[in-house]
Amino acid sequence: MFIPKEIEIIEVGPRDGLQNEPLPISTEDKKKLISQLAKAGFSRMETTSFVHPKWVPQMADCEEISSYCNELGITYIALTPNLKALERAIAAKAPQIAVFIGASNTFNKKNINKTTSESLDECVPMFERAKKEDIFIRAYISMAFKCPFQGDVSFDEVKYVCDRFVELGADEIDVGDTNGQADPKIVYERLARLRVLYPDTSFVGHFHDTEKMALANVVAAMQAGITKFDSSVGGLGGCPYSPGATGNLSTEDLLNMVSRMGIKTEVDYNELTKITPFAKSLSSKV
Ligand code: HMG
Ligand code: MG
């Protein structure tokens, strides 16, 4: 069994965890969560999205959250679904951005109102602009295994998006099991194939725990050589445009498992578990 010496855990709770919450969460509470997570040792977090507030009202305070993250001096990722979002992120001085495109065309249309191919076309000027500003680009392939609308997602659909991201020069490619329907077999096979096709690309695994297979999927992804994983404090999360998607992989579960396996991370488990009750208190679902 291949066990990496060290992995990076990217905490996505403040963004992916909270974006789907139906009741408004105060900006002050979001700031408190972010500062506590920074104290627990995460060197990178996803904290907000420059999306349209009508589409995702919970992220309407993205400018203020960015400004707070800049004050804290943390490295954070902000989601940018289109050029307008990127301009807002640049104005807010976000150090890292994430584009997110569904391998499933139907999902992409529901999520960002464009076909997969139209979204990839918009990435051309976005990548150029972000690179000029020296901004790190995370590129998500969402619904990379199964889709609640179309069912199975083929490897070729994933490869189609991945090819374009690699060609455009993404700094990392995040492979998302957005609705938590993947199992360890498909995760291993798909990620191993991607790693052979793109040996110089840095991949991230992003698993949801809908079917309680997220941890098993992490182990499968490690066998394929992946050493970066997203997770969400308290298991908060869900995607507003993916029916049935429940929480992200919980950071506590991930950290507990990898620590027992002797895998190093930069996060302090005791500090993290002190934050869990507060993080969960922000959610109406967990
Ligand atoms: P649209 O309505 O198609 O936009 O939304 P449009 O280009 O037609 O423009 C309509 C109006 O919106 C215009 O204003 C634009 O200026 C404005 P008007 O001229 O009518 O006054 N507009 C914006 N305003 C603020 N910020 C913007 C923006 N863009 C246009 N960025 C849009 C397109 C992408 C904005 C919309 O579809 C959207 O916000 N979608 C967000 C979806 C989202 O956040 N989903 C959850 C992300 S999670 C996910 O996908 C999975 C992931 O977590 C991975 C995983 O879990 O596996 C990443
Ligand atoms: Mg997610």
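Please treat every number below as a calculation from the coordinates, not as lab data. These numbers come from a predicted model, not from an experiment. Neighbour counts run over all protein chains shown; Cβ positions are idealised from the backbone, glycine included.
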query: Mean separation of Cα pairs under 8 Å and 6+ residues apart, divided by the residue count of region 142-286: what relative contact order is that in percent?
result: 21
- line: Exposure proxy check on R44, R88: fewest-to-most Cβ neighbours within 10 Å is R88, R44
query: Of the beta bridges DSSP finds with both residues in region 129-286, what % are antiparallel, to the nearest 5?
result: 20
- request: Please express the Cα-Cα pair-distance distribution P(r) of region 240-286 as a list of whole percents, one per 10 Å bin, running from 0 to the bin with the greatest distance.
  value: 21, 45, 27, 7
- request: Give the residue from A130, T27, S66 lying farthest towards the positive end of the charge dipole for the chain; charges sit on Cβ (+1 for Lys and Arg, -1 for Asp and Glu) and the dipole is referred to the Cα centre.
  value: T27
query: So how strong a dipole does region 84-223 carry about its Cα centre when Lys and Arg Cβ are +1 and Asp and Glu Cβ are -1, to the nearest 20 debye?
result: 260
message: Residue by residue through region 44-53, what is 3J(HN,Hα) from phi via Karplus (6.51 cos²θ - 1.76 cosθ + 1.60, θ = phi - 60°)? Round to whole Hz and write x for glycine and proline.
response: 9, 9, 9, 10, 6, 9, 8, 9, 6, x
task: Name the shape class, rounded, prolate or oblate, that the alpha-carbon gyration tensor gives for region 125-225, where a ≥ b ≥ c are the square roots of its eigenvalues, rounded holds for a/c under 1.5, and otherwise prolate holds if a/b is larger than b/c and oblate otherwise.
output: prolate
task: Provide the per-residue ³J(HN,Hα) series for region 274-280, in order, calculated from phi with Karplus coefficients 6.51, -1.76, 1.60 and θ = phi - 60°, each as a whole number of Hz, with x at glycine and proline positions.
output: 5, 7, 3, x, 5, 4, 5
query: About its Cα centre, what dipole magnitude does region 38-129 give when the only charges are +1 on Lys and Arg Cβ and -1 on Asp and Glu Cβ, stated in debye to the nearest 20?
result: 180
- line: Per-residue Cβ contact counts at 10 Å, fewest first, order L215, L236 as L215, L236
- line: With +1 at each Lys and Arg Cβ and -1 at each Asp and Glu Cβ, the charge dipole magnitude of the chain around its Cα centre, to the nearest 20 debye, comes out at 240
- request: Provide, for region 49-133, the number of lysine pairs with alpha carbons under 20 Å apart, each pair being eight or more places apart or on different chains.
  value: 12
